[in-house]
Structure formats: C-alpha cells, structure tokens
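Where a number appears in this text, it was derived from the coordinates with a stated rule and is not lab data. Remember, predicted model here, so these are calculated numbers, not experimental data. All Cβ positions, glycine included, derive from the backbone under ideal geometry; neighbour counts span all protein chains shown.
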C-alpha cells in the first residue's frame with residue numbers, strides 16, 4: 001500500500017478513532033483532561049490492533065476482556081487499514097496546540113506524534129514486510145522480510161502464550177484455545193502477503209530462508225501434544241482443576257489448524273528459494289536503499305547517515321580496543337592482536353561452562369548471582385527505585401537457532417508475572433564467564449526489565465510506544481552503570497568483558513552499515529566483526545544473521561548510548577557540584593521512552609530544576 005501526503009495530512013474518514021479524539025479547540029479550553037482522553041483513546045486503539053501487547057502487560061482483563069481471545073490480524077487488508085488510521089492519528093496529534101500544556105503533557109503528545117509519523121513514513125518508504133513501530137511487542141524489529149528466522153507469528157506467539165496467558169478458569173482456557181485458532185489465522189495471513197512482498201523484491205536471503213524453513217518444519221513435525229504451547233496449557237488447566245479436555249482440544253487445533261498453516265508457510269518460503277539471493281545486504285533488493293534509509297532512521301531516531309555511523313563505529317572501536325589492550329596486558333596477555341587475545345581468553349577451559357544440561361544450569365545460576373549482586377548497589381545510581389521483577393530463562397530450544405544471544409522485557413503492569421531475561425544457550429562456548437555479568441545488567445537490571453517498569457508510571461500510551469535507540473541505548477548505559485557501581489572491583493576479567501560488550505555495539509555500527517550500505521559480503525563482515533570484537537565466530541554469525549533480517553536495528557544501541565552519555569556530560573558541566581547521577585538517571589528513566597531528538601529537552605528541564 002502507498003500512503004499519499006494527502007492521506008498523511010488529512011486522514012479524513014480513515015479511522016473511527018480519529019472522530020473520537022478531542023478536537024484542538026477542546027484541547028485548548030481544557031488541556032490536561034483533553035490530553036489524557038486523547039492518549040487513552042489512542043492507547044486503546046493500539047491494543048485493539050495488537051492484542052498480544054495487552055496480554056504481555058497483563059491488561060487483557062476487565063474492560064479489555066474482549067482482547068483476551070484475540071491476536072493481531074496479520075492480513076494485508078488489516079495492515080493497510082492500520083496504515084490509513086495511523087495517518088489520521090498523526091494528523092490529529094499534529095493539530096493539538098501545545099500552548100498551555102504542562103511540559104510533561106506536551107512531551108506525551110510530541111512523543112505520540114513522532115511515533116505515528118515515523119510509522120506512516122515507514123509504510124510510505126517500505127511497502128513490504130513489517131512496519132513494527134507501533135507494536136509494543138516488537139517495535140524494534142521493523143523489517144522488509146515478514147517471515148525470517150526471528151520474525152513472524154511462529155516465533156513470537158507460542159512463547160508469549162506460554163509465558164503470559166494465565167488460566168484461572170474455563171473462560172481463560174477458552175480464550176487460550178481461541179488464540180491457538182487465531183495463531184493459525186495469523187500464520188496464514190502472513191503467508192498470503194509473502195508473494196506480493198516477494199514480487200516487490202522483499203525476498204529473504206537464501207541462507208536465512210533455510211534457517212527459517214528448518215525452524216518452521218521442525219515445529220510442524222512435532223507431535224501436537226508435545227508442542228510447548230500445548231504442554232504448558234495442559235499444566236495450567238490441571239492446576240486450575242479443568243481436567244484434560246481443554247489440552248486435548250488444544251492438541252487437536254494444533255494438529256488440524258496450526259501445523260497445516262506452518263506447512264503452507266514453509267512451502268511459500270520454499271517456492272521463493274530458487275530465486276533468493278545469498279547476498280546479505282538489503283541494497284541487493286529492488287528499493288532496498290530507500291528501505292534501509294528509513295530503517296536506520298527508525299532504529300536510531302537520528303538523521304545521521306549510514307556513512308557517518310560507519311565512520312563513528314570504526315573510531316569508537318579503535319578507542320575501546322586501545323583501552324582493552326591495556327587491561328589485557330595487566331593480566332599478562334600481551335602477545336597478538338587484541339581480537340586474537342580476546343578470542344583466546346574466551347576459549348580458556350576454566351572460563352567455560354560445559355555444553356550440557358548441568359553446564360547450562362550452572363550458567364543460569366551464575367546469572368542469577370550477578371543480578372543478586374547488583375541489586376543492593378542500585379541506590380547509588382537511582383533515587384527512585386523500581387522493583388526489578390525478573391526471572392532468567394533459556395531461549396526455547398525449538399527456536400534458538402534463529403534467535404538473538406539475549407533479549408528481555410518487563411513483566412506485567414500489576415507485577416503478577418515477572419519480566420523475563422532470555423539467554424540463548426544453544427552452545428555455552430559462546431558464553432565465557434567474563435562475558436556474562438554485563439549481559440545481566442543490559443537485559444535485566446538496571447537494563448531492559450528495570451527500564452520497562454518505569455514506563456508503567458506514565459500514561460498507558462507512553463508504555464506502549466517504544467523507540468529502539470532509547471531502549472537499547474539505556475540498556476548499554478546500564479552496562480556502564482554496572483562498572484561505575486563497582487561490580488568489577490574484584491573481577492578484572494569481567495571488566496574486560498564489559499568493555500568488549502561496549503565495543504561489540506560500536507562494531508555493530510560498522511558491520512550493519514557495511515553489509516547494507518557499503519555492500520560488504522557476509523564473510524567480509526564476519527571477518528571484520530571477529531577481528532574487531534574477539535568473540536566466537538559462530539556467535540557473530542548468528543548476530544549477523546539477525547542484522548540481515550532486521551536491517552538497521554543494530555545501529556540503535558551505540559547511537560542511544562552515545563546520546564545518553566553526551567547529555568550526562570552536558571549536565572555535569574552545567575551543574576558542577578550540584579550534579580547527582582541518581583537524579584540524572586531518574587530523569588532519563590522517568591521521562592519515558594522517546595526519540596533521541598527529544599531526550600535533550602528532558603535533560604535541559606532536569607538541569608533547570610536541579611540548578612534552581
């Protein structure tokens with residue numbers, strides 16, 4: 001679908017939501033209630049579009065009970081309708097006067113307008129794949145490839161149902177069964193869009209298609225009763241005293257509806273495989289350069305060019321490598337390049353966990369120990385503390401081949417279900433002990449799970465709207481806080497692992513832009529990545545697979561971190577002795593998720609208040 005400028009500016013009749021929003025005149029006469037009503041109405045519209053978000057937050061109950069049996073409609077018609085309605089919402093938000101609004105309310109409106117405008121620009125620039133900006137379940141993962149090794153309903157929905165859909169009685173069980181049926185429809189909706197996307201050049205690179213087809217057929221081939229979403233449902237029903245009948249129905253739905261839908265999806269990918277290019281970069285697809293320009297903008301919320309990001313990544317890699325070199329020499333590791341020394345360090349047997357169930361259990365216990373260690377340190381970094389409700393789990397083995405090394409998100413708003421920090425344990429050799437503490441701070445506390453809980457203090461719409469560079473920039477800054485809080489005072493190798501992690505994100509700027517803008521081959525990028533980071537090649541291969549499926553996303557991490565650190569330095573200079581890192585960190589968190597271009601406004605307001 002193509003959205004015209006007229007659609008964007010007017011949006012007349014494009015959505016029922018538009019007529020429900022307060023008019024500009026209303027906003028001017030009674031600004032705060034009008035803003036509150038506007039944000040709530042838009043939030044409910046997004047939850048209706050993306051019911052999985054309500055499930056993830058634990059708010060598909062009460063007045064939102066109708067969402068409990070639904071999943072996102074992934075058909076082309078539904079996506080086109082979402083695009084038209086988003087254009088109308090962006091136009092309505094743009095028309096709301098900011099004069100007379102308190103700063104927080106004005107910021108809420110500006111953030112919402114930025115999100116909807118960015119999404120509409122995405123549908124204009126990239127009329128294929130998934131423009132995910134407004135979908136809080138994976139707002140970071142916009143991509144021209146609707147189905148890949150880490151995108152699609154087959155990846156996201158089963159785990160979400162297992163982790164978040166509770167069963168307290170018959171109504172909950174019926175809603176779970178309805179969602180299994182909806183999963184089959186969602187898979188078919190995506191499959192129906194594949195041919196049209198492929199005709200526009202959005203053909204998944206062949207090597208990624210092979211992984212995706214392998215995962216899909218692997219799921220499809222399991223006996224229905226052994227599917228994890230069926231087994232977990234059976235356990236929930238047993239605890240609720242509902243007997244075995246609901247689980248039997250779930251197995252039948254999987255066998256009769258979901259598995260055949262997966263078969264159709266694998267076949268659709270297979271039909272395109274002979275014409276699929278193994279060229280990794282998006283530039284090799286018709287329209288790919290324009291797609292990448294928007295994807296980088298969405299991922300970083302900046303106007304910096306890919307060329308400039310590439311150069312910045314090279315520069316920061318050089319500086320971090322020099323710092324790591326000094327620390328390695330202090331450990332008696334002085335021979336060879338920094339990358340070679342890090343590679344050798346990562347292979348030391350005394351730093352590895354065994355690649356079996358016992359080793360994985362010890363690794364998970366070590367992660368939990370790192371979280372327990374940092375908790376009592378957090379009052380030195382924050383004046384207002386979140387709960388940090390968290391569990392650590394292995395990425396489900398059935399999808400681990402295509403998933404990132406680690407990822408996380410906060411729990412339900414009411415706290416009944418904790419946030420989950422997933423680590424990919426396909427091969428424990430990817431995780432030498434010294435690399436793990438900083439990952440805990442990034443994914444868990446005070447990173448993603450911690451930051452997400454602060455959004456629950458904001459209007460619901462602000463909880464739903466997330467920006468990749470802010471989220472990942474904060475998580476990388478959380479790694480820095482781990483160092484500043486003394487977590488490596490008695491762990492010099494852990495500090496090397498922390499700097500290697502920061503450097504890894506600088507290198508992402510280089511390899512993502514290298515593949516997609518500078519036309520590097522996959523092997524060229526892998527060689528540079530391995531040399532630049534000293535990390536295991538197989539781990540980096542999986543990372544590069546992800547960057548090929550989600551072009552631009554990897555650029556958000558270091559860009560976000562750079563801006564948070566730059567603004568902190570600015571606040572330190574402005575406030576001098578009055579600067580307090582705790583109140584700075586609070587200001588960044590309590591301001592909420594936003595484009596990087598707006599973060600300076602929040603910091604300037606903080607500086608003015610702290611200096612008064």
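Computed quantities for the displayed model
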{"read-out": "Extension gain (nm, one decimal) between residue 531 and residue 284, 0.36 nm per residue minus Cα-Cα", "value": "86.4 nm"}
{"read-out": "Additional length obtainable on full extension of the chain from residue 195 to residue 322, 0.36 nm per residue less Cα span", "value": "40.8 nm"}
{"read-out": "Spacing of the two label points (7 Å from each Cα toward its C-beta) at residue 166 and residue 384, in nm", "value": "2.6"}
{"read-out": "Whole-Å semi-axes of region 330-385's equivalent ellipsoid (Cα gyration tensor)", "value": "30, 21, 8"}
{"read-out": "Label-to-label distance, nm, for residues given as residue 523 and residue 95 (7 Å Cα→Cβ offset)", "value": "5.8"}
{"read-out": "Förster radius 41 Å - calculated FRET efficiency between residue 61 and residue 314, Cβ distance, rounded to 0.05", "value": "0.25"}
{"read-out": "The chain - Debye-derived log10 I(q)/I(0), Cα point model, q = 0.09 Å⁻¹", "value": "-0.71"}
{"read-out": "Gain on full stretching of the segment that runs from residue 484 to residue 307 - 0.36 nm per residue minus C-alpha separation", "value": "60.5 nm"}
{"read-out": "Estimated D of region 150-278 in µm² per second, where Rh is the Kirkwood radius over Cα pairs and Stokes-Einstein applies at 20 °C, 1.002 mPa s", "value": "139"}
{"read-out": "Estimated [θ] at 222 nm from DSSP helical runs (n ≥ 4, -39500 (n - 2.57)) normalised by residues in the chain, nearest 500", "value": "-20000 deg cm²/dmol"}
{"read-out": "Using a Förster distance of 22 Å, the FRET efficiency for residue 351-residue 329 (Cβ separation, nearest 0.05)", "value": "0.75"}
{"read-out": "Over the chain, relative contact order from alpha-carbon pairs under 8 Å, at least 6 apart, %", "value": "16"}
{"read-out": "C-alpha center-to-center spacing [region 537-553, region 287-352] in angstrom", "value": "14"}
{"read-out": "Against the rule of thumb 2.2 N^0.38 Å, how large the Cα Rg of region 527-612 comes out", "value": "1.47"}
{"read-out": "Model label zone, residue 174; criterion: amide N under 16 Å from point 7 Å along Cα-to-beta-carbon; scope region 51-80", "value": "61-62, 65-70"}
{"read-out": "Calculated FRET efficiency for the pair residue 217/residue 580, C-beta based, R₀ 56 Å, to 0.05", "value": "0.50"}
